[in-house]
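> Structure incoming, see below.
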Amino acid sequence: MDAGGAIEDVRQVDQSAFERLVGYDMLRGRNAQQMYQFLEWE
């Protein structure tokens with residue numbers, strides 16, 4: 001976001017550190033998108 005990335009770019013964020021968590025595959029894109037939207041309004 002600070003580097004000018006758009007919300008469409010959040011799928012490229014490396015979230016592999018969280019692969020061990022239950023529901024990772026289902027939630028990883030959604031979590032990144034929600035965080036982007038949260039930070040966008042700050």
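> Using Cα extents along the principal axes in Å as the read-out, say which of (1) 44, 24, 17; (2) 48, 18, 14; (3) 29, 16, 14 was calculated from these coordinates.
(3)
> Nothing charged except the Cβ atoms of Lys and Arg (+1) and of Asp and Glu (-1): what's the magnitude of the dipole of the chain about its Cα centre? Round to the nearest 20 debye.
Computed charge dipole of the chain: roughly 240 debye.
> Highest mean first, how do 31-38, 19-26 rank when packing is the count of other Cβ atoms within 10 Å averaged over residues? Can you show the working numbers first?
Working: 31-38: 13.8, 19-26: 9.4.
Those peptides, ordered most packed to least, come out 31-38, 19-26.
> How far is helix 24-40 tilted, in degrees, relative to the longest principal axis of the Cα atoms in the chain, given as a value from 0 to 90 rounded to the nearest 10?
20 degrees
> Let me ask something else about it. So what J values fall out for the stretch 9-14 if you push phi through Karplus, 6.51 cos²θ - 1.76 cosθ + 1.60 with θ = phi - 60°, rounded to Hz, Gly and Pro as x?
With the stated coefficients, the stretch 9-14 comes to 7, 5, 5, 8, 5, 6 Hz.
Read-outs throughout are calculated quantities, based only on the coordinates presented, and are distinct from any laboratory measurement. Just so it is clear, the structure is predicted and the values come from calculations on it, not from any experiment. Please note: Cβ atoms are built from the backbone with ideal geometry, for glycine as well, and neighbour counts cover all protein chains shown.
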